[in-house]
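The values are calculated or read from the model by the stated rules, or taken from the named source; none is laboratory data. Small disclaimer: the values here were computed from a predicted structure and weren't measured. So basically every Cβ, Gly included, is an ideal-geometry build from the backbone, and we count neighbours across all protein chains shown.
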Amino acid sequence: MPAGDVPDIRALCRLRSALRDLIEALVDARPVTQASVADLNFFMQSAPASTRLQLTAAGLRVQTQWHWEYGGNPRLAFIATQAAEFLSDPAQVRRLRRCANPACSMIFIAVNPRRSWCAPGVCGNRVRVARHHRRAGGTD
């Protein structure tokens, strides 16, 4: 995360809303809205970045320089840029899943393709416990 001021809460909420809209559209196989794309582009452009090659004791290293002097917030620009790179990669998007717990609104990145819960110890456990109680109650 680049250095910079703490983002304005309204700007952060706007970026979060655009990301949520984009992610939900991709997970639900619906068209992505132009407004959400425009919002993400706005944040990416709000603080321009340039890359520099540096010679360090460990060897060559690429460093991103965020130009906050042009306005915008480099932290929001960084988040928007990372999200755009992720969401434009079909292999990454295929890993996005909506939690299988009907009471949960979480979307997560499935590292394991069989994973269906946002947190197996929370949502997965709740669903398994509810299923057990239904089965146990039905046999009495």
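Considering F78, F86, which residue is buried (at least 18 other Cβ atoms within 10 Å of the Cβ), not small (G, A, S) and not assigned by TED's automatic domain parsing to the domain that holds V111? Spell out how you get there, then give the answer.
Working: F86 fails: buried (at least 18 other Cβ atoms within 10 Å of the Cβ).
Every option except F78 fails the conditions.
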Exercise for the section: Considering only region 33-52, state which residues are at pLDDT below 95, farther than 13 Å from L19 by Cβ and either surrounded by 11 or more Cβ atoms within 10 Å (Cβ to Cβ) or not basic (K, R) (or both). Expected result: Q45, S46, A47, P48, A49, S50, T51
Practice task
Could you please tell me which pairs satisfy a Cβ distance under 8 Å, a separation of 6+ or placement on different chains, a first residue in region 100-120 that is over 17 Å from A25 (Cα atoms) and not assigned by TED's automatic domain parsing to the domain that holds A130, and a second residue that is assigned to a loop (DSSP other than H, G, I, E, B) and polar (S, T, N, Q)?
Solution key: none
Problem - Boolean, A38 is in the same structural domain as E24 (by TED's automatic domain parsing) and either among the small types (G, A, S) or at positive phi (or both) - result: yes
Exercise for the section: Within region 74-96, identify whether any single residue is modelled with pLDDT under 90 and farther than 25 Å from P7 by Cα, and answer yes or no. Expected result: no
